[in-house]
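So the structure is just underneath, and the comments pick up after that.
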Amino acid sequence: VNKREVQYSNLAPGNYRFRVTASNNSGVWNEKGDVFDFSIAPAYYQTNWFRALCAATFMALLWAAYQFRVRQLQRKFRQLRDVIETIPAMAWTARPDGSNTFVNRRWAEYTGLSAEDSAGSGWTAAVHPEDRQPFWEKWQASLTTGEPLDCEARFRCPANGEYRWLLARA
């Protein structure tokens, strides 16, 4: 065929050497042939700097998504805390060992014990001395079995120093 061109597709970036031997119209071959050296430069998306930029962009997006989620959780936490602080009941949280980790404002106002004073087992100071041991035993039994606590005990109100019967549920 008298076609004098050659075509390659999908050559990866790099250096290449094209060797050719040919014959004339009489069928006599050129023994020496010819050599053509060429190189193909990588496309921008095949370079290391582009891959590094993609990795950095991915990490930045991952970090941004993480920060967004953290802020979202912090906002939800503030909303929940606002709800807990404004409910007209005494609320608290406790660890599995029964020690107190949080008390709401209503608890602090009623008992006169701050969050620091109520931490750990300090909350028992608000319970009447005669009710403290039975209440503590029921509290421990509830923690051990996982059953709900439903117990009446007297709690001190520092405004007048009197004890009032309250139903504790946990």
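The values are calculated or read from the model by the stated rules, or taken from the named source; none is laboratory data. All values reported here derive from a predicted model rather than from experimental measurement. Every residue, glycine among them, receives a Cβ derived from its backbone with ideal geometry; neighbour counts consider all protein chains shown. What goes into the accessible areas is simple: the full protein's heavy atoms, side chains included, and nothing from ligands, DNA or RNA. Shrake-Rupley method; radii C 1.70, N 1.55, O 1.52, S 1.80 Å.
Remarks
- Look at segment 12-36: where a residue is loosely packed, with under 10 Cβ neighbours inside 10 Å and a partner is of a type in the set (Asp, Glu), sitting 6+ places away or on another chain with Cβ atoms under 8 Å, you get 15/37; 17/37; 19/34.
Okay, residues lined up against (1) under 26 Å from the mean Cα position of the chain (by Cα); (2) charged (D, E, K, R):
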site: 75; (1), (2): yes, yes
site: 79; (1), (2): yes, no
site: 102; (1), (2): yes, no
site: 120; (1), (2): no, no
site: 130; (1), (2): no, yes
site: 157; (1), (2): no, no
site: 163; (1), (2): no, no
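- Condition check for residue 17: at pLDDT 85 or above and part of a strand (DSSP E or B): yes
- Considering 106, 71, 81, the condition of being at pLDDT 90 or above, open to solvent by 50 Å² or more (accessible area, probe 1.4 Å) and part of a helix (DSSP H, G or I) is satisfied by 71 alone.
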